[in-house]
1. Can you tell me the dipole magnitude for the protein assembly as shown around its Cα centre, using point charges on the Cβ only (Lys, Arg +1; Asp, Glu -1), in Debye to the nearest 20?
2. Give the lysines whose C-alpha is closer than 19 Å to that of A:Lys69, dropping any in the same chain fewer than 8 places away, or say none.
3. So who's got an amide H within less than 5 Å of the one on B:Gln17, skipping anything under 5 residues away but keeping other chains? H placed 1.01 Å off N, in plane.
4. What accessible area per residue, rounded to a whole number of Å², is obtained for chain A using a probe radius of 1.4 Å?
5. Determine Rg/Rh for region B:30-106; Rg is computed over alpha-carbon atoms and Rh is the Kirkwood hydrodynamic estimate from the same atoms.
6. Give me the Å³ per residue figure for the convex hull around the C-alpha atoms of chain A.
7. For the protein assembly as shown, just the Cα atoms, rotate onto the principal axes and tell me the three extents in Å, largest first.
8. About the Cα centre of chain A, how large is the charge dipole given +1 on each Lys and Arg Cβ and -1 on each Asp and Glu Cβ? Please answer in debye to the nearest 20.
Amino acid sequence: DAKTTQPDSMESTEGETVHLPCSHATISGNEYIYWYRQVPLQGPEYVTHGLQQNTTNSMAFLAIASDRKSSTLILPHVSLRDAAVYHCILRVSQGGSAKLIFGEGTKLTVSS
Amino acid sequence: NAGVIQTPRHKVTGKGQEATLWCEPISGHSAVFWYRQTIVQGLEFLTYFRNQAPIDDSGMPKERFSAQMPNQSHSTLKIQSTQPQDSAVYLCASSRDWGGYEQYFGPGTRLTVL
């Protein structure tokens, strides 16, 4: 699986919209972009995933560049509960290993 | 839906003792994964099962670690002759299938080896 690059940390204030970038310059055509987040003392939580088109769900909006070499997880109106480490992971959907390979992720701090 | 259940939540063992960790996946999920998390190494994949069959154990230490899934409702991770470096949070996750489905993680078992 190709590697991803994320900033170590980002800071935000409650109510703001946060943009978390992820670079994946060597992404393969059959690799999906997954986002998980983890708060202390809990297991990782699935946020969203996409292949080529932008996706949205109740938690976040995932914007994928047209060349797929980067993506941005957009968290609207963050609250204190959104403070977590956010992981951007590439994973082959079919025919490849189902395991997730976690990097360091981006630690998002939210202040009131 | 209770989510993925892991027991115990905390376990303390003495060096050389055996530790068995339990995982109950979400009902209907056919894939079960084990990961280990430490401050130094981060979150690492250990092994996974599909329909109870072992598929990929490439992350398992070659000695002392074993995992089983005797039925669709639980999986165990066993560590023989535990060592202090085995201290970690062991996470279990399940998904509907092995492919592109999201994995749902349990709260983890914190193992401390004295």
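The values are calculated or read from the model by the stated rules, or taken from the named source; none is laboratory data. All of these numbers come straight from a predicted model, not from anything done at the bench. So basically every Cβ, Gly included, is an ideal-geometry build from the backbone, and we count neighbours across all protein chains shown. Side chains included, ligands, DNA and RNA excluded: accessible areas come from the protein's heavy atoms. Shrake-Rupley method; radii C 1.70, N 1.55, O 1.52, S 1.80 Å.
1. Values: 18 positive and 19 negative charges, 97 e Å.
Charge dipole, the protein assembly as shown, about its Cα centre: 460 debye, nearest 20.
2. Here the lysines satisfying the reach criterion relative to A:Lys69 are A:Lys3.
3. B:Thr82
4. Working: 5650 Å² over 112 residues.
Per-residue value: 50 Å².
5. Details: Rg = 12.3 Å, Rh = 12.9 Å.
A ratio of 0.96.
6. On the way: hull volume 10.4 nm³, N = 112.
Expressed per residue, the convex hull around the Cα atoms of chain A is 93 Å³.
7. In descending order, the Cα extents are 50, 41, 33 Å.
8. Values: 8 positive and 10 negative charges, 63 e Å.
The dipole magnitude comes to about 300 debye.
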